[in-house]
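One structure is given below, encoded as structure tokens.
What follows draws every value from the coordinates through simple rules; no lab data is involved. Here the structure is a predicted model, which is why all the values come from computation and not from measurement. Here Cβ is always computed from backbone atoms with ideal geometry, including for glycine, and neighbour counts include all displayed protein chains.
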Amino acid sequence: MTAPNSRKAEIVRNTLETQISVAINLDGTGVGKLDTGVPFLDHMLDQIVRHGLIDLEIEAKGDLHIDAHHTLEDVGITLGQAFAKAVGDKKGLVRYGHAYVPLDEALSRVVVDLSGRPGLVQNVEFTRARIGDFDVDLVREFFQGFVNHALVTLHIDNLRGINAHHQCETVFKAFARALRAAVTVDPRAAGSIPSTKGAL
């Protein structure tokens, strides 16, 4: 079984569009150092840190003079790669996680399966197209990048909400809590793979 104190990873990803470094500790205490050049993304990543109790350092430099698309997508990709490396062979893990999180009038549900298969279903109808300068379409790009490289199945549903900031924040908070549950080591599992296939 993967020892909890070894569930750490560092990934550096450099392209012509972005330069990104990620360091992750799945057994952290909720300490983050986040500098992506996109303040709203930093705020959302901080939800993952605080509510997932995941220590996370992310530094990104992207072609923000064009827009934030490549930065959001590539941060998702790099975080997914780091998560996959840190989670290891998945022996003894709960595997599934879900969370409902409210914020005032908004409520979101996120369900995750450390399935070894990338899949994203996102049902979020934002009430406006931008949150400040942030394009809400990029939320999907972030999560698509993450699931493709973390090899997880992720279902995201915003069940209600009026304020787009609240909608988005509940999504990230619920994502954090669902991840936290899924990566929990189950002492009853005796280090077995949580699958009838014997592999994930």
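General observations
- A Förster radius of 45 Å combined with the Cβ-Cβ distance from Lys61 to Thr196 puts the calculated FRET efficiency at roughly 0.55.
- Taking the helices alone, the chain has a mean residue ellipticity at 222 nm of -11000 deg cm²/dmol, built from -39,500 (n - 2.57) per DSSP H run of at least 4 residues and averaged over all its residues.
- Sorted by Cβ neighbour density within 10 Å, fewest at the top, the residues Thr78, Thr153: Thr153, Thr78
- Highest-fluctuation residue, Val124, Val75, Val49 considered, GNM on the chain with Cα pairs under 10 Å: Val124
- Rounded if a/c under 1.5, otherwise prolate or oblate - the chain, Cα gyration tensor axes: oblate
- Residues of segment 59-91 with amide N under 15 Å of the 7 Å Cα→Cβ point at Arg140: 69, 73
- Largest GNM mean-square fluctuation among Pro187, Pro102, Pro118, using the chain with Cα springs under 10 Å: Pro187.
- For the residue pairs Lys8/Lys85; Lys8/Lys33; Lys33/Lys173; Lys85/Lys197; Lys8/Lys90; Lys90/Lys197, alpha carbon separations beyond 19 Å are given by Lys85/Lys197.
- Diagonalising the gyration tensor over the Cα atoms of segment 1-88 and scaling each eigenvalue by 5 before taking the square root yields semi-axes of 23, 14, 8 Å, largest first.
- On Cα atoms only, tilt of 39-52 relative to the major axis of the chain in degrees: 30
- Taken along the Cα-to-beta-carbon direction at a fixed 7 Å, the label points for Lys33 and Val121 span 4.0 nm.
- Summing Cβ point charges (Lys, Arg +1; Asp, Glu -1) relative to the Cα centre of segment 4-189 gives a dipole of roughly 900 debye.
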